[in-house]
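For reference, the structure discussed in these notes is given below.
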Amino acid sequence: MSRSIFSRFGVGVVIVWLACSSLVWGGIASPNYKVLNPISHGNLTIFPVVTSITHDTSGFITLDEGIRSGEVVVTETGRTGGLVRGPHHRIPVSSAQVNNLVLVNNSKRPLILLAGEIVTGGKQDRVVAKDRVIPAESEPVDLGVFCVEPGRWTETSVNFGTMKSQMAQPSVRKEAMVAQDQHRVWNSVGEANGAVAGAIAGSAGAAPGPPPPPPSSYAKTFDDERVRKAIADQAAPVEQSYSSTTRQLRDQHAVGVVVAVGGRLIWADLFASSALLEKYWPKLVRSYAAEAITTQRAFKPVSLADAQQFLERSEGNRQVIESEPGVYRQSETIAPNFKLFTLASLLPGTGFDLHVSKIADGNAYGPEIGKLE
């Protein structure tokens, strides 16, 4: 086993190569996670995930909650002067940069950031690139993001808001999390915008009027009335069925989902508690719905056994661990056919996984039987 370690802004990164090619991280393979029967609409299928072990997450706030209350402020890097708490904490950058934003958490509670959350405003809209925890009453934090609006570099507002009803769909979110490449993020945005515009224009009973905005702004495209309606039509039946199922199974603690689109397993999101899932669920289900309406393929249905296997398989041959001591640890487990991201809180009184994302890589989980070869 070999390691390389470096740190930036107080955050340490460890890269671990595993000669035995076997690693189970974050407890995702635990028998405490059980996949339930699927809920399907169109080419979107959601498998609820329940567990016997949950944690108290009431001490955390989300980005939407923080921005709505005014306790969390996001702005361009070059405008940090008014955000700095003291004279010795200025970030020495003089102008706005595409992949740099600054966040200050003035709340008395720590903030959870999820990869795929979109902040709108400033000179360009951006997508958060990784899960992390920002301590309560923080100093300005250099926030890793990617641009999702390549056609603009003029300021619309000093501070940022969020896409309250949606986060980036899996194909865009994946490029930010896995590829970590701005051009690939832009390409995925262009493809998503073009696909949704084509799907809306070609849908039966499409409302008259000009097509949705050209494929530049992800947020503007998905804020178009016809696009919002199409996503709602796709998401609502799944959301309602999911809510009905989880109400009936309240004691089993629904904490996440496994997602299939067009007969392929593509993603899983798991949270530390049902309450935390409920906060993100409206945005997540719409992101899955966006992927479904921009995916033109259909294979045979994914089975319950396929979904359970996708969730449980967690062996990898390399792991990247990023940690801010006493605050959080984020790990990426890398295997030939999936990536597994785990965000753990290291704050006093916690020490548990807040969020787990599992991403299918390529066509590893296909309609054949979903097996990993």
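Checked against the criterion of being over 28 Å from residue 44 (Cα atoms) and touching a strand residue (DSSP E or B) at 6+ places or on another chain (Cβ under 9 Å), the candidates 314, 331 yield just one match: 331. Considering only residues that are modelled with pLDDT under 90 and either aromatic (Phe, Trp, Tyr) or crowded, with 21+ Cβ neighbours inside 10 Å (or both), which ones fall in the range 127-146? 143 - this is the single residue of the range 127-146 that is modelled with pLDDT under 90 and either aromatic (Phe, Trp, Tyr) or crowded, with 21+ Cβ neighbours inside 10 Å (or both).
Against the definition (out of contact with any Lys or Arg (no Cβ under 6 Å at 6 or more places or on another chain), farther than 30 Å from residue 190 by Cβ, among the aliphatic types (A, V, I, L, M) and part of a helix (DSSP H, G or I)), how does residue 277 come out, yes or no?
Numbers: out of contact with any Lys or Arg (no Cβ under 6 Å at 6 or more places or on another chain): yes; farther than 30 Å from residue 190 by Cβ: yes; among the aliphatic types (A, V, I, L, M): yes; part of a helix (DSSP H, G or I): yes.
Here the answer is yes, as residue 277 does meet what is asked.
Looking across the range 312-333, the residues that are of a type in the set (Val, Ile, Thr) and buried (at least 17 other Cβ atoms within 10 Å of the Cβ) come down to 321, 327, 333. The set of residues in the range 100-123 that are over 19 Å from the mean Cα position of the chain (by Cα) and part of a loop (DSSP other than H, G, I, E, B) comprises 106, 107, 108, 109, 122, 123.
Within the range 268-296, residues that are in contact (Cβ under 8 Å) with a residue 24 or more places away in the chain and over 21 Å from residue 41 (Cα atoms) have Cβ atoms under 6 Å from residues that are in a loop (DSSP other than H, G, I, E, B) and aromatic (Phe, Trp, Tyr) in these pairs: 272/352, counting only partners at least 6 apart in sequence or on another chain. Checked against (1) crowded, with 21+ Cβ neighbours inside 10 Å; (2) under 18 Å from residue 175 (Cβ atoms); (3) touching a strand residue (DSSP E or B) at 6+ places or on another chain (Cβ under 9 Å), residue 290 passes all but a single condition, namely (3).
Checked against (1) out of contact with any helix residue (DSSP H, G or I) (no Cβ under 7 Å at 6 or more places or on another chain); (2) at pLDDT below 85; (3) farther than 19 Å from residue 51 by Cβ; (4) surrounded by fewer than 14 Cβ atoms within 10 Å (Cβ to Cβ), residue 220 passes all but a single condition, namely (4).
The values are calculated or read from the model by the stated rules, or taken from the named source; none is laboratory data. Quick caveat, the model's predicted, so the values are computed rather than measured. Virtual Cβ from ideal backbone geometry, glycine too; neighbours counted across all protein chains shown.
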